[in-house]
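Participant: Submitted below is the structure of interest, expressed as structure tokens.
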Amino acid sequence: MNWLVASILSVILFSITNGIARGFQGKIHPLFALVPQLIGSLIVAVLLSLGYKSIAPKIGTFTTQGAILAVIAGVSWVLAQLLYYTALSKNAPLSVAIPIISGGIIVGGVVAGALFFSEQLGASRIIGIILVLIGSILLART
């Protein structure tokens, strides 16, 4: 599977997740909403790990530094999900909250790529960031 197919499938699954998240607002506290999601994540991780040996040569190496970074990313993800669920529980419209959050992720990803991975931040990316920010502001005002 190439990166584009993986990205498109990720968008589809995140969209499904967002719809479900909006559906359980008011039925469970945002903090407790994380528990079933973490259990689901753990189940998927365990099942994938069981098949690790058969696909290990294709995946690459496992290092302590990589594991530490993965744990930090996991903690960041859990806190982000908690804040997202909190925003939805405060009756944030999904059609506004998701574009604002996604826009912030886009801007953060471009900036992180430039700062930490020496990715080029050319004129088209700067214009893209400005357009995303303008779009987020317009969505928040409606």
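Bear in mind these aren't lab numbers, they're just calculated from the coordinates by the rules spelled out. Quick caveat, the model's predicted, so the values are computed rather than measured. Counting neighbours? That spans all protein chains shown, and the Cβs are built from the backbone with ideal geometry, glycine included.
Participant: Mean separation of Cα pairs under 8 Å and 6+ residues apart, divided by the residue count of the chain: what relative contact order is that in percent?
Facilitator: Across the chain, relative contact order equals 28 percent.
Participant: Given the options Val46, Val75, Val110, which has the most mean-square fluctuation in a GNM of the chain, springs set between C-alpha atoms less than 10 angstrom apart?
Facilitator: Of Val46, Val75, Val110, the most mobile in the Gaussian network model is Val46.
Participant: State the extension gain, in nm to one decimal, for the chain segment bounded by Leu69 and Leu4, taking 0.36 nm per residue of separation less the distance between their alpha-carbons. Can you show the working numbers first?
Facilitator: Working: separation 65, 0.36 × 65 = 23.40 nm, distance 2.38 nm.
Residue separation times 0.36 nm, minus the Cα-Cα distance, leaves 21.0 nm.
Participant: Taking θ as phi - 60°, what are the ³J(HN,Hα) couplings along region 30-42 by the Karplus curve (6.51, -1.76, 1.60), each to the nearest whole Hz, with x for Gly and Pro?
Facilitator: So the Karplus estimates, Gly and Pro as x, are x, 5, 6, 5, 5, 4, x, 5, 5, 5, x, 4, 5 Hz.
Participant: Using only Cα atoms, what is the ratio of the radius of gyration of region 1-89 to 2.2 N^0.38 Å?
Facilitator: That ratio works out to 1.28.
Participant: Place a +1 charge on the Cβ of each Lys and Arg in the chain and a -1 charge on the Cβ of each Asp and Glu, then give the dipole magnitude about the Cα centre in debye, rounded to the nearest 20. Spell out each step's value before the answer.
Facilitator: On the way: 7 positive and 1 negative charges, 44 e Å.
The calculation lands at about 220 debye.
Participant: For Val110, what charge total do you get from the other residues with a beta carbon under 12 Å from its beta carbon, if Lys and Arg give +1 and Asp and Glu give -1?
Facilitator: 0
Participant: Between Val11 and Ser76, what is the label-to-label distance in nm when each label sits 7 Å out along the Cα-to-Cβ direction?
Facilitator: Modelled inter-label distance: 2.2 nm.
Participant: Any chance you could run the full-extension gain for Glu119 through Val46? It's 0.36 nm times the residue separation minus the Cα-Cα distance, nm to one decimal. Write out the running numbers ahead of the final one.
Facilitator: Numbers: separation 73, 0.36 × 73 = 26.28 nm, distance 3.37 nm.
Result: 22.9 nm gained on full extension.
Participant: Still on this structure, I have one more. Divide by every residue of the chain the summed helix terms, -39500 (n - 2.57) for each DSSP H run of at least 4, and state the resulting mean residue ellipticity at 222 nm, rounded to the nearest 500 deg cm²/dmol.
Facilitator: Values: 6 runs with 119 residues, N = 142.
Estimated from H runs of four or more residues: -29000 deg cm²/dmol.
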